[in-house]
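The structure under discussion appears below in the form of structure tokens.
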Amino acid sequence: MTKREGLPPLKEPNATPEPSAGTEPAGAGLSGIALVVVLIGYALSIVDASIVNVALSSISDDLHGGPAALELVVSGYGLTYALGLVLGGRLGDAYGRRRLYAYGLAAFTVTSALCGLAPTIEFLVVARLLQGAAAAMLVPQVLATIQAATVGQARARAIGLYGATAALGMVIGQILGGLLVSLDIAGIGWRSVFAINVPIGAAALLAVRRVPATRADAKPGFDPLGTFLFGVTMVCALAVVVAGPELDWPLWLWSLVAVAAVGALALVRAERGLEARGGSPLLSPSVLSHKGMRRGLAAMVPFSAGFGAFLFVYALIAQGHFGFDGLESGGGLAPFAVAFFAVTLFTPRIAAALGGRIVTLGALVQSAGLLLLALVMWLGWPHPSLALVLVGIGFYGVGAALTGPTLFRMILADVPSAQAGMGSGVLVTSQQMATALGATVGGTLYVSLAGSLSTASAAVLVLALLTCFSVTVLVISLKLPDPS
């Protein structure tokens with residue numbers, strides 16, 4: 001149960017107190033404008049994870065950045081973003097989700113401007129680190145607000161749109177980045193990929209008061225040991241994922257895997273002990289023990305890993321083998337975007353008819369799309385049928401639309417509203433880690449196989465791996481509860 005900032009506590013879960021001046025009554029849910037406002041902030045954070053990829057060459061020419069610095073421009077954002085998500089959700093539970101969303105969006109807008117004004121590559125790297133931290137502050141508040149302020153079909157629709165934003169943001173980032181760099185608006189070149197965030201973020205900030213203000217009934221306490229252990233575990237895990245391909249997997253890097261494993265075990269033990277003593281752990285074991293969250297996360301990890309690998313390897317093939325520029329490469333993903341958005345609009349109705357089997361159907365359709373792509377690549381290389389490739393990408397989008405938003409709903413269904421920030425932080429962190437890991441594994445596998453085999457063989461084998469991810473989701477889906 002939640003309470004609104006500035007309003008008295010609710011007497012019962014479904015009670016609706018009298019509204020006070022300038023504040024929506026509890027239970028009023030999210031208005032259309034409020035939902036758009038929070039999804040704008042989320043969309044900016046997702047788009048900025050990929051929009052910079054197509055501008056790296058221009059950044060290197062302008063700021064004279066080497067490969068290591070350019071890698072930090074990309075991965076530094078993801079590092080601080082993933083690292084801060086759980087803490088950001090916890091702060092929203094404690095101090096108010098609308099307040100943390102507004103602070104995070106303001107910081108994201110300012111750091112975007114700093115990225116666009118960067119005079120040196122070092123300045124840009126630091127600005128990107130800060131931009132990722134700002135995103136970590138605002139993103140958990142989006143799902144937490146939806147979870148706390150909506151019920152029933154309204155929640156299903158809102159989470160469906162959230163899921164659409166998550167997937168489409170990554171695709172649109174690649175398309176938009178290529179378009180902005182090609183247009184060279186006002187002669188500012190690559191800087192436009194960051195500058196575009198400023199007016200959009202400012203406009204969303206002007207309407208942020210339309211978002212319902214929710215927070216936990218009781219202010220959670222601080223968990224210094226849990227925060228430290230979580231930070232160590234995340235930093236070590238992310239360092240392996242991010243730096244592995246760039247450093248060619250040195251032996252010392254693998255030692256961080258052991259450190260991360262020990263840190264994770266210590267974190268579990270510390271959080272269980274703190275909760276048993278009546279404390280307020282950063283990651284509540286009782287929240288993580290809910291069946292919907294536990295099984296949903298088990299399916300979300302291979303789903304997100306497969307999605308991250310698909311986008312990364314697609315870009316390598318489109319831009320490396322076929323010589324597409326960023327805009328052309330992004331345009332090839334248009335069938336995914338159209339199919340995903342169209343199907344997402346009907347996902348709640350399909351879920352009502354099929355229940356938990358909607359994820360099974362999604363995994364089957366996704367597998368069919370991947371197998372079609374593999375067959376087209378194998379038989380048609382080096383000039384596969386463009387029409388059939390686009391059909392395969394469209395099928396992949398349909399499967400993702402049936403699977404992703406439904407998993408979001410399942411994972412959060414049993415999470416108490418008072419812990420919505422923590423739950424959304426755990427969900428988005430798992431999603432981001434799996435996506436990054438998938439891109440790393442898929443990209444490394446493709447590059448390695450392309451060097452020893454043919455490009456066609458490498459592409460087909462990676463698509464076979466992605467099909468295995470989809471089959472894993474299918475198997476887990478047979479044990480998932482019905483979405484609610």
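Roughly how many whole Å is it from the C-alpha centroid of the stretch 59-84 to that of the stretch 206-256?
The distance from the Cα centre of the stretch 59-84 to that of the stretch 206-256 comes to 18 Å.
Calculate, in whole percent, how much of the Cα-Cα pair population of the stretch 310-441 lies beyond 19 Å.
Counting pairs separated by more than 19 Å, the tail of P(r) holds 59 percent.
Test of understanding: what is the full-extension gain from Ala464 to Leu379, defined as 0.36 nm times their sequence separation minus their Cα-Cα distance?
Fully extending the segment from Ala464 to Leu379 adds 29.1 nm.
Do the sum for the chain: with -39,500 (n - 2.57) for every DSSP H run of n ≥ 4, divided by all residues, what is the mean residue ellipticity at 222 nm, to the nearest 500 deg cm²/dmol?
Result for the chain: -26000 deg cm²/dmol, rounded to the nearest 500.
Can you tell me the mean projection area, over all orientations, of the convex hull of the stretch 391-465's alpha carbons? Units nm², please.
The orientation-averaged projected area of the Cα hull of the stretch 391-465 comes to 5.9 nm².
Residues with amide H under 5 Å of Thr214's amide H, sequence separation 5 or more or different chain, H placed in the peptide plane at 1.01 Å from N; which?
For Thr214, whose amide H was placed from the backbone, the distant partners under 5 Å are Glu5, Arg97, Arg98.
If the only charges are +1 at each Lys and Arg Cβ and -1 at each Asp and Glu Cβ, what is the size of the charge dipole of the stretch 35-138 around the Cα centre, to the nearest 20 debye?
Its charge dipole is roughly 560 debye.
For Leu445 and Leu253, FRET efficiency with R0 = 25 Å and r from the beta-carbon atoms, rounded to 0.05?
0.90
Please express the Cα-Cα pair-distance distribution P(r) of the stretch 98-168 as a list of whole percents, one per 10 Å bin, running from 0 to the bin with the greatest distance.
20, 36, 28, 12, 3
Ratio of alpha-carbon Rg to the 2.2 N^0.38 Å globular estimate for the stretch 144-279, to two decimals, please.
Relative to the 2.2 N^0.38 Å estimate, the stretch 144-279 comes out at 1.51.
Please list 3J(HN,Hα) in residue order for the stretch 372-386, calculated via the Karplus relation 6.51 cos²θ - 1.76 cosθ + 1.60 where θ = phi - 60°; whole Hz, with x for glycine and proline.
After applying 6.51 cos²θ - 1.76 cosθ + 1.60, I find 5, 4, 4, 5, 5, 5, 5, 7, x, 4, x, 10, x, 4, 4 Hz.
Could you tell me how far the Cα centroid of the stretch 139-163 sits from the Cα centroid of the stretch 316-367, in Å?
Spelled out, the Cα-based centre of one part sits 21 Å from the other.
Using a cut-off of 12 Å between beta-carbons, work out the net charge of the residues near Arg191 (Lys and Arg +1, Asp and Glu -1, Arg191 not included).
-2
What chymotrypsin sites (Phe, Trp or Tyr not before Pro) does the stretch 335-407 have in DSSP loop regions with at most 16 other beta carbons within 10 Å?
Passing sites in the stretch 335-407 are Phe346.
Rank by packing, highest mean first: peptides 45-51, 403-409, with packing defined as the count of other Cβ atoms within 10 Å averaged across residues.
Highest-to-lowest ranking by the protection proxy: 403-409, 45-51.
Could you point to the residue in Ala456, Ser182, Gly443 farthest towards the positive end of the chain's charge dipole, with +1 and -1 charges on the Cβ of Lys/Arg and Asp/Glu respectively?
Gly443
Step through the residues of the stretch 242-255 one at a time and calculate ³J(HN,Hα) from phi using the Karplus curve (6.51 cos²θ - 1.76 cosθ + 1.60, θ = phi - 60°), rounding each to whole Hz and writing x for Gly and Pro.
These are the phi-based 3J(HN,Hα) values: 7, 8, x, x, 5, 8, 6, 6, x, 4, 5, 5, 5, 5 Hz.
For Rg/Rh (Cα atoms, Kirkwood Rh), which listed value, (i) 1.07; (ii) 1.00; (iii) 0.96, comes from the coordinates shown?
(iii)
What list of ³J(HN,Hα) couplings, whole Hz, do you get for the stretch 453-459 from phi and the Karplus terms 6.51, -1.76, 1.60, once you set θ to phi - 60° and write x for glycine and proline?
Going residue by residue, I get 10, 9, 4, 4, 4, 4, 4 Hz, with x marking Gly and Pro.
Quick note: the coordinates plus some simple rules give every number you see, no bench work behind them. On a predicted model such as this, the values are computed, not experimentally measured, just so you know. Quick reminder, even Gly has a Cβ in these numbers, built from the backbone with ideal geometry, and neighbours come from all protein chains shown.
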